[in-house]
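For reference, the structure discussed in these notes is given below.
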Amino acid sequence: MAAPAPKQEELQAHAVRDQLPAVSYCLTSPPPWPEAILLGFQHYLVMLGTTVIIPTALVPQMGGGNEEKARVVQTLLFVAGINTLLQSFLGTRLPAVIGASYTFVAPTISIVLAARYAGIADPHERFLRTMRGTQGALIVASTLQIIMGFSGLWRIVVRLLSPLSAAPLVALAGFGLYELGFPSVAKCIEIGLPQIILLVALSQYIPNLVPLLGTAFERFAVVMSVAVVWLYAFFLTVGGAYKGAAQKTQFHCRTDRSGLVGGASWISVPYPFQWGAPTFDAGECFAMMAAAFVALVESTGAFIAVSRYASATPCPPSIMSRGIGWQGVGILLGGLFGTASGSSVSVENAGLLGLTRVGSRRVVQISAGFMIFFSILGKFGAVFASIPTPIIAAIYCLLFAYVGMAGIGFLQFCNLNSFRTKFILGFSLFMGISVPQYFNEYTSVAGFGPVHTHARWFNDMINVVFSSKAFVGGAVALLLDSTLHRHDSTARRDRGDHFWDRFRSFKTDPRSEEFYSLPFNLNKFFPSF
């Protein structure tokens, strides 16, 4: 006897969505002010991790102590606040936090190790000289993004992206940061693991178990979990749990080892050229420009993820190019103020949009206000910045995963039964992980990258580019997707082009005006295409 025919609803797949459903507050719909302020503080809390980790790694190598480290953190916060406001008002207008970027660490370390600074005996003088060299390199590197963004050159590249080639780029922008997740949690497992467990419980399980308070736990899980685990870590510290422990264990686990509170001033306003006049070296500028180009690509993937979690339509290429131009201005400000690092879209804050399901522009603008406020009131900001790194890394485990899944979500537009799709997706993801892994492992063993010539600037350019997982995976996917059976009508549908065609221009979708038009009628002077 034949089996009964399946029910009609079993044959229907999930509908393809241009905008992500189930978002509580989208790009243009702000939550009530009290809720928005607390959500903004939560964004500020999340971006502190990268803001503290980068100066903590760089400043001691530059010759600086706790006071210099605290000032660099304050400066990074101040510039991040300004850049976030510029991006939300004049750039893409997406709720993207623009903060310090790990991509610029390698060329900065190369400047620190330059021979012309090796003979300086005074650590403070060496710090100042190194910082000025970094400032000069950042100022020159910023012109790359400014030119490519405001000239519209990057718009041409973005128009080549399809859902298929965007998927590896966005996915690796999140998953590619796995080294900053559990490996850092494990450096103090007794506070890192409870943070992960509590964050997952508060954000995923408790909202279903306690429906009346579910929304509060879902949106403020980061603040709640950090407060509990930070207090727990404080009690371990004052209770003598790490008395006699190894120095590395004490550094990662204790709540009083950052040195930021003691080194920070009560009130201090960062200002341009506070470390002195920048100095310029051609080789260092070229290496920093390579990092700026990698950051440009990584930020493109992060912008795409942000637009998704803000429940906006895909960002038109002209708007993306405009945002990259303003990000270049952000790197310029970093060079002028002396942040020791360039800037890009904060991936962790992009993931927080997904965790909270709040993609409001106003929330991120409020978070920028917190950045500026606490950068001026140094002591108060240093208290929050002294949160142990394993707690921050535990938060990354969730937030980076959200960004990675934003990329995987674009596969809904593609035909996954196509062998062309399988090859491009699989090969680009594999190479995006494998090639940077080789470069990073080689560097950790040999002390220098696989490209090791007498020209250090050339070595830095190549090693930085191929150490970025998002850059390698995105470049491979875009190259293959643009050349392999490009004009085949079947391939065009398989790659999802027919879903994204109407978003390749600002004027072809009426929703673009709502999400991306400039305020104060500025579109008349700066039109979008």
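Here A446 fulfils each of the conditions (1) buried (at least 18 other Cβ atoms within 10 Å of the Cβ); (2) of a type outside the set (D, E); (3) over 20 Å from the mean Cα position of the chain (by Cα) apart from (1).
Restricting attention to region 266-280, does a residue exist that is more than 27 Å from G91 (Cβ to Cβ) and either aliphatic (A, V, I, L, M) or assigned to a helix (DSSP H, G or I) (or both)? The answer is yes; a qualifying residue exists. The residue that is surrounded by the most Cβ atoms within 10 Å (Cβ to Cβ), among those in region 449-471 that are under 22 Å from the mean Cα position of the chain (by Cα) and assigned to a loop (DSSP other than H, G, I, E, B), is S468. Against the test of being farther than 21 Å from G192 by Cα and part of a helix (DSSP H, G or I), the options A382, A406 yield a single qualifying residue, A406. Only one entry of F466, F471, F448 meets the criterion of being closer than 29 Å to A141 by Cβ and at pLDDT below 90, and that entry is F448.
Evaluate the following for I387: is it assigned to a helix (DSSP H, G or I), over 16 Å from the mean Cα position of the chain (by Cα), under 28 Å from T249 (Cα atoms) and β-branched (V, I, T)? Don't jump to the end; show me each part of the working.
Working: assigned to a helix (DSSP H, G or I): no; over 16 Å from the mean Cα position of the chain (by Cα): yes; under 28 Å from T249 (Cα atoms): yes; β-branched (V, I, T): yes.
No; evaluated as a whole, the condition is false for this residue.
The set of residues in region 11-34 being surrounded by fewer than 24 Cβ atoms within 10 Å (Cβ to Cβ) and in contact with a Phe, Trp or Tyr (Cβ under 9 Å, 6 or more places away or on another chain) consists of V16, D18, L20, V23, C26, T28, P31. Checked against (1) under 18 Å from M461 (Cβ atoms); (2) at pLDDT 95 or above, V306 meets all criteria but (1). Sub-6 Å Cβ pairs linking a first residue in region 185-210 that is more than 28 Å from A245 (Cα to Cα) to a second residue that is open to solvent by less than 20 Å² (accessible area, probe 1.4 Å) and of a type in the set (G, A, S), at least 6 apart or interchain, are L202/A221; L202/S225; S203/A221; P207/G214, ordered by first then second residue.
Just a yes or no: is a residue in region 151-160 touching a residue at least 24 places away in the same chain (Cβ under 8 Å), open to solvent by less than 10 Å² (accessible area, probe 1.4 Å) and either farther than 27 Å from E298 by Cα or among the charged types (D, E, K, R) (or both)? No, region 151-160 has no match at all. Among the residues making up region 332-374, those that are more than 14 Å from L27 (Cα to Cα) and not in a helix (DSSP H, G or I) are G338, T339, A340, S341, G342, S343, S344, V345, S346.
Looking across region 422-445, the residues that are modelled with pLDDT under 95 and among the β-branched types (V, I, T) come down to T443, V445.
Against the conditions (1) modelled with pLDDT under 95; (2) open to solvent by 40 Å² or more (accessible area, probe 1.4 Å); (3) of a type outside the set (F, W, Y), L85 satisfies every one except (1). Contact map, region 486-507: residues that are more than 14 Å from A166 (Cβ to Cβ) paired with residues that are hydrophobic (A, V, I, L, M, F, W, C) and open to solvent by 60 Å² or more (accessible area, probe 1.4 Å), Cβ distance under 6 Å, separation 6+ or inter-chain. Pairs shown: F506/F529.
Checked against the criterion of being open to solvent by 40 Å² or more (accessible area, probe 1.4 Å), on the phi > 0 side of the Ramachandran plot and touching a residue at least 12 places away in the same chain (Cβ under 8 Å), region 472-479 contains not a single residue that satisfies it.
For G91, the stated conditions hold: it is under 15 Å from V306 (Cβ atoms) and touching a residue at least 40 places away in the same chain (Cβ under 8 Å).
Applying the criterion of being in a helix (DSSP H, G or I), of a type outside the set (A, V, I, L, M, F, W, C) and within 18 Å of I395 (Cβ to Cβ) to the residues of region 214-258, the residue that is least open to solvent (accessible area, probe 1.4 Å) is S225.
The values are calculated or read from the model by the stated rules, or taken from the named source; none is laboratory data. All values derive from a computational prediction rather than experimental measurement. As a convention, Cβ positions derive from the backbone with ideal geometry for all residues, glycine included, and neighbour counts pool all protein chains shown. Accessible surface is based on the protein model in full, side chains and every heavy atom, while ligands, DNA and RNA are left aside. Shrake-Rupley method; radii C 1.70, N 1.55, O 1.52, S 1.80 Å.
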